[in-house]
1. Does the range 274-294 contain at least one residue that is assigned to a helix (DSSP H, G or I), surrounded by fewer than 22 Cβ atoms within 10 Å (Cβ to Cβ) and touching a Pro at 6+ places or on another chain (Cβ under 9 Å)?
2. Being assigned to a helix (DSSP H, G or I) and within 17 Å of residue 190 (Cβ to Cβ) is the filter; apply it to the range 135-153 and report the residue that is least open to solvent (accessible area, probe 1.4 Å).
3. For the range 61-76, does any single residue satisfy the condition of being loosely packed, with under 14 Cβ neighbours inside 10 Å, free of Cβ contacts under 8 Å to residues at least 12 places away in the same chain and within 25 Å of residue 262 (Cα to Cα)?
4. For the range 295-304, give me each residue that is in a helix (DSSP H, G or I), more than 17 Å from residue 246 (Cβ to Cβ) and either in contact (Cβ under 8 Å) with a residue 12 or more places away in the chain or within 17 Å of the chain's Cα centre (by Cα) (or both).
5. Residue check: is residue 218 touching a Lys or Arg at 6+ places or on another chain (Cβ under 9 Å) and of a type in the set (S, T, N, Q)?
6. Please work out if residue 197 is farther than 22 Å from residue 96 by Cβ, open to solvent by less than 80 Å² (accessible area, probe 1.4 Å) and modelled with pLDDT of 90 or more.
7. Check 154, 215, 138 and return the single one that is over 30 Å from residue 285 (Cα atoms) and touching a helix residue (DSSP H, G or I) at 6+ places or on another chain (Cβ under 8 Å).
8. Which of the residues belonging to the range 215-238 are more than 27 Å from the chain's Cα centre (by Cα), surrounded by 15 or more Cβ atoms within 10 Å (Cβ to Cβ) and of a type in the set (Val, Ile, Thr)?
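The values are calculated or read from the model by the stated rules, or taken from the named source; none is laboratory data. Computed from a predicted structure; not experimentally measured. Cβ atoms come from the backbone with ideal geometry, glycine included; neighbour counts cover every protein chain shown. Keep in mind that these areas ignore ligands, DNA and RNA; they rest on the heavy atoms of the full protein, side chains included. Shrake-Rupley method; radii C 1.70, N 1.55, O 1.52, S 1.80 Å.
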Amino acid sequence: MTVTEAPPAAPTPAGPPAHKTSVRRRLVPYWLLLPGILWLLVFFALPLVYQASTSVQTGSLEQGFEVTWHFATYWDALTEYYPQFLRSLLYAGTATVLCLLLGYPLAYLIAFRAGRWRNLLLVLVIAPFFTSFLIRTLAWKSILADGGPVVEVLNTVGFLDVTSWLGMTEGDRVLATPLAVVTGLTYNFLPFMILPLYTSLERIDPRLHEAAGDLYATPATVFRKVTFPLSMPGVVSGTLLTFIPASGDYVNAELLGSTDTRMIGNVIQSQFLRVLDYPTAAALSFILMAIVLIMVTVYIRRAGTEDLV
């Protein structure tokens, strides 16, 4: 009996070593992050370095600017424009509080009570973004116009008497007053407060409310002990998204305010585009950035949500 040998099997192609495959897989996330890193480098880090060098320059537009490491520009800018810094922080803080007071009930309604109307309400919240920021602010100039229906109603109910006593308005007019600027800031940045609040509230399990009710907790206690603590990430995110851009805003103060309501953003814009004092403008920008960064860091640590940073 003859035994036939089987033909030798074809050699399998050798693949890459296992350690190389492992290295490639570990590098995939970094390759995916590369476009974002390049974007931040080109459009954030490099301009930031350029502005830092501008802030320590001296000279003029005619003679040219030269880096002389003149750090006294920071002190001069701070001492000269500290009222605008304080006013910006006050207006931004007031607008942030108002956005929280107005936005939390609406976000709560959308998250727990809207039902089939939830998507429609969310669309209405973001609908202002379909219109230019400038046009929305100019619309408030017509709404708050002297002799308009809104001002007449506020004057009839005595609201303007109270705000005038607080220094927010002047007599029977609202335009060109702090109240008009804060109103514009509140309206324009309200969606930035509502959306994070809604996202945080929507994640809360409704069964937690039922369990609290089974333990004879009143609705106020349920909100204080369950709902609000669990929504703190949304509160912190919303306040940051509102306060940070509001503190540097200049459009609302320019269109709805007056020379007495100028914010630091108006000063920076004027120094850059009108006075052409680039070192002072750059120094003011860095001072504002440092103040906001310190306030945000302290706020997050006090709120107990360091994981959001």
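1. No, that holds for no residue.
2. Looking at residues that are assigned to a helix (DSSP H, G or I) and within 17 Å of residue 190 (Cβ to Cβ), I get 137.
3. Yes, the range 61-76 has at least one match.
4. If the condition is that a residue be in a helix (DSSP H, G or I), more than 17 Å from residue 246 (Cβ to Cβ) and either in contact (Cβ under 8 Å) with a residue 12 or more places away in the chain or within 17 Å of the chain's Cα centre (by Cα) (or both), then 297, 298, 300, 303 are the ones that fit.
5. Answer is no for this residue.
6. Judged against the criteria, residue 197 is not a match.
7. Exactly one of 154, 215, 138 is over 30 Å from residue 285 (Cα atoms) and touching a helix residue (DSSP H, G or I) at 6+ places or on another chain (Cβ under 8 Å), namely 154.
8. Matches in the range 215-238: 222 only.
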